[in-house]
Amino acid sequence: MTIEPVDIRDLLGHPGISRTTHVRGTLEDLGTEVATLKADEPVEGDLLLESVVEGILATGTLRGTLALRCARCLKDFERPVGVDVHELFSLSPGSDDEDVYPLEGDGWLDPEQMVRDALGLELPFSPLHSPDCQGLCSVCGGDRNLGECPGDHVEADPRWADLELVLHDLEDRT
């Protein structure tokens, strides 16, 4: 269920009038490889819709749940997200009005793009399940948080790899 448009015919052309409406719905395809908005849980919030001379001002808080993958250890986890919105929907946005959402002439306000924009900006680039996450070992791939890496790896310079093979050959012969 996507976020449904809101009937605002009672607000258009009457500056100073306002009302609160509850928006609820799901958004698909909002995310990155490590952070997505959960498509099976709704985004919801209460919006105060105020009629102003320029159009409709939507103000409120939106809430949802993020499905995240730790950038260090690749552990999946969830975290709630909330974002405040304060956006103008205009009947006649100009070509240079990038911060204004268009209103359709039929008296309906579609909040979906505003919700996408607001929550999309809240997606972290490098989420961590814990600030002290130790990540995966670069040698054995063990999760250092779980003690899967013994930590006593000796990393040889790759330029000496051929000499190391000769050394192992000599050790095998003796």
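The values are calculated or read from the model by the stated rules, or taken from the named source; none is laboratory data. Treat the numbers as computed from the prediction; the structure is a model and nothing was measured. Every residue, glycine among them, receives a Cβ derived from its backbone with ideal geometry; neighbour counts consider all protein chains shown. Ligands, DNA and RNA are stripped out before the accessible areas are found, and what is left, the full protein with its side chains, is counted by its heavy atoms. Shrake-Rupley method; radii C 1.70, N 1.55, O 1.52, S 1.80 Å.
Assuming a viscosity of 1.567 mPa s and a temperature of 4 °C, what translational diffusion coefficient in µm² per second does Stokes-Einstein assign to region 18-65, Rh being the Kirkwood radius over Cα pairs?
Using the Kirkwood radius from Cα pairs, D works out to 106 µm²/s.
Of all the accessible heavy-atom surface of region 1-148, with the other protein chains kept in place and a 1.4 Å probe, what percent is carbon and sulfur?
Taking all protein chains in place, region 1-148 shows 48 percent carbon and sulfur surface.
Between G60, G107, G151, which gets the highest mean-square fluctuation from a Gaussian network model of the chain, Cα cutoff 10 Å?
The residue that fluctuates most here is G151.
For region 16-174, go through all pairs of different Cα atoms, get the mean of 1/r, take its inverse, and jot down that Kirkwood value in Å.
Here the Kirkwood hydrodynamic radius works out to 19.9 Å.
Helix 161-173: angle to the longest alpha-carbon principal axis of the chain, degrees 0 to 90, nearest 10?
The answer is roughly 40 degrees.
In nm, to one decimal, how far is the modelled label at L121 from the one at T21, with both set 7 Å along Cα→Cβ?
A separation of 2.2 nm, rounded to one decimal place.
Could you order D29, D84 so the one with the most accessible surface comes first? Probe is 1.4 Å.
Solvent-accessible surface, decreasing: D29, D84.
For H14, H86, H129, write out the residues from largest to smallest accessible area, computed with a 1.4 angstrom probe and no ligands counted.
Accessible-area ranking of H14, H86, H129, largest first: H86, H14, H129.
Apply 1/(1 + (r/R0)^6) to the Cβ-Cβ distance of D152 and D76, taking R0 = 22 Å, and write down the FRET efficiency to the nearest 0.05.
Taking R0 as 22 Å, the efficiency between D152 and D76 is 0.15.
What is the projected area of the convex hull of the Cα atoms of region 11-92, averaged over all directions, in nm²?
Answer in nm², one decimal: 6.4.
Report, please, the projected area of region 129-174 averaged over directions, based on the convex hull of its C-alpha atoms, in nm².
The orientation-averaged projected area of the Cα hull of region 129-174 comes to 4.6 nm².
Would you mind working out the accessible area per residue for the chain, using a 1.4 Å probe, and quoting it in Å²?
Result: 64 Å² per residue.
In whole Hz, what ³J(HN,Hα) sequence does region 44-59 give by Karplus (6.51, -1.76, 1.60; θ = phi - 60°), x for Gly and Pro?
8, x, 9, 10, 8, 9, 10, 7, 10, 4, 6, x, 10, 9, 9, 10
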